[in-house]
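Below: the structure, in structure tokens.
What follows is calculated from the coordinates using simple rules that are stated; it is not laboratory data. This one's a predicted model, so the numbers in the text were calculated from it and none came from an experiment. For neighbour counting, all protein chains shown are included, and Cβ atoms are generated from backbone atoms with ideal geometry for every residue, glycine included.
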Amino acid sequence: MDLTGKAAIVTGSGRGLGLSYAAELARHGAAVVINDVDPEVAEAAVRGIVDAGGRATAVVAPVGSAEAADALVATAVREFGRLDVLVTNAGILRDKSLLKMTDDDFDQVIAVHLRGTFTCVRSAFGYFKESETPGRIVAIGSPTGQRGNFGQTNYAAAKAGIVGMVRTWALEMARSGVLVNAVVPVASTAMTRTVPYFAAAIEAEDAGLAMPDFFRKDLGFGTADDVAGLVAFLASDDAAGINGQVIGVGGDRIQLWSHPEPVLSVIAEGGWDAERIADEFAPQLRENLQSVGEKFPTLPPELDRSGA
Ligand SMILES: NC(=O)c1ccc[n+]([C@@H]2O[C@H](COP(=O)([O-])OP(=O)(O)OC[C@H]3O[C@@H](n4cnc5c(N)ncnc54)[C@H](O)[C@@H]3O)[C@@H](O)[C@H]2O)c1
């Protein structure tokens, strides 16, 4: 898997998963544009890649606006002469249950994740099309966007929206040779370290130990580096033919997500009024109700820190 001679942008790559993606792309030979709102972590990320023998530069800017997106693409072209890969990873959380969520909580999360992905992909695709580059786009989703999660109205909207855009872009970009896929990661980062359910896994990581198998295998939860190989693969020539897919990875587990499909189709001559729905469709509907929410297996007692 060789990315030598290619150039990549990873948004939000000063820390966490983005940093692992950037380091992994660089390790395979790509020059990387690091992006973050925090100048210190952005500079440290560039230093880390350069010290390891790679090429990197930083753009400190909040993704969301068209200007920031254009600046990222222009920097890749100016510094490295080209752009081949875009990973839209930057993200924030503003979790609150619905009645407590303010307009600002909603708008901020939508601006970084949904608008940030839209504007960066639009700029990168413009470049790919004009330069006839068979580019690779990796957008970052979340189990919350796939399934819903308590307290995450804004984040669920943004992440489900990102996967909706990926499905649409896979159609729009198909003829240009550009591939666009979504990755649904689960990993220990600043974003997840404080979730009580993961406490025993974080404890192991902080002690320099491997996380227990329950987390790595049953739950699919591991380190940020566990996710990076999938991003490098999707960025490479080896990913030829893979387009519009949603792939989840965490710990030792990798998964292909399905796209929504109708699970029950019933035809009635003349259509469905409310009474007919109540009489004929509702009984079948009740037998086929779809589940919502992420499925967390019960923690084995020895890994449950909730009572500690
Ligand atoms: N950690 C997980 O288990 C998990 C699960 C599902 C999805 N994700 C997604 O993965 C991505 C990375 O998450 P993480 O866990 O590494 O989070 P993180 O908080 O550790 O890192 C996110 C980085 O993005 C930067 N950032 C925030 N707003 C930005 C903006 N407007 N422009 C540029 N940079 C910005 C932050 O400064 C930070 O360095 C996010 O999109 C997140 O939603 C993470």
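Couple of notes before you dig in:
- Ordering ALA90, GLY48, THR11 by Cα displacement along the dipole of the stretch 1-105 toward the positive end leaves GLY48 in first place; charges were set at the Cβ atoms of Lys, Arg (+1) and Asp, Glu (-1).
- Prolate/oblate/rounded label for the stretch 111-161 (Cα gyration tensor, a/c 1.5): prolate
- Sorted by Cβ density within 10 Å, fewest first, the residues ASP206, ASP218: ASP206, ASP218
- Extension gain from GLU302 to VAL195, taking 0.36 nm per residue of separation minus the Cα-Cα distance: 36.8 nm
- Taking all Cα pairs closer than 8 Å and separated by 6 or more residues, the relative contact order of the chain comes to 16 percent.
- The residues VAL138, VAL46, when put in order of fewest to most other Cβ atoms within 10 Å, stand as VAL46, VAL138.
- Annotation: peptides 147-154, 289-296, 18-25, ranked by per-residue average of other Cβ atoms within 10 Å with the highest first, follow the order 18-25, 147-154, 289-296.
- Put simply, the amide H of VAL59, placed in the peptide plane, has neighbours under 5 Å in ILE34, ASN35, ASP36, leaving out anything fewer than 5 places away on its chain.
- Note that the stretch 39-55 has calculated 3J(HN,Hα) couplings of x, 5, 6, 5, 5, 5, 5, 4, 4, x, 6, 5, 4, 8, x, x, 10 Hz, one per residue in order, obtained from phi through the Karplus relation 6.51 cos²θ - 1.76 cosθ + 1.60 (θ = phi - 60°); glycine and proline are x.
- Among beta bridges that DSSP assigns inside the stretch 141-273, antiparallel share in %, nearest 5: 40
- Residues of type lysines that LYS217 reaches as a straight line, Cα spacing below 22 Å, ignoring anything fewer than 8 places off in the same chain: LYS295
- Cα centroid separation, the stretch 248-308 to the stretch 33-56 (Å): 42
- Spherically averaged projected area in nm², based on the convex hull that wraps the Cα atoms of the stretch 112-207: 7.4
- Peptides 95-108, 178-191, 260-273, ordered by how many other C-beta atoms sit within 10 Å of their residues on average, highest first, read 178-191, 95-108, 260-273.
- Contact order relative to length of the stretch 125-280, as percent, for alpha carbon pairs under 8 angstrom and 6 or more apart: 23
- Taking one quarter of the surface of the convex hull spanned by the alpha-carbon atoms of the stretch 43-166 gives a direction-averaged projected area of 8.6 nm².
- Here is how the number arises for the chain: DSSP H runs of 4 or more residues each give -39500 (n - 2.57), the sum is divided by the residue count, and the result at 222 nm is -11000 deg cm²/dmol.
- Antiparallel content of DSSP bridges confined to the stretch 7-256, in %, to 5: 10
- Between helix 16-27 and the chain: long-axis angle, C-alpha atoms, 0 to 90°, nearest 10: 50
- P(r) of the stretch 7-256 over all Cα-Cα pairs, binned every 5 Å from zero, in whole percent: 1, 7, 14, 19, 20, 18, 12, 6, 2, 0, 0
- Selection among TYR155, VAL63, ALA201 by position relative to the dipole of the chain gives VAL63 as farthest towards the positive end (Cβ unit charges, Cα centre).
- Three-way shape label, the stretch 186-229, alpha-carbon gyration tensor, a/c 1.5: rounded
- Burial ordering of ILE277, ILE202, fewest other beta-carbon atoms within 10 Å first: ILE277, ILE202
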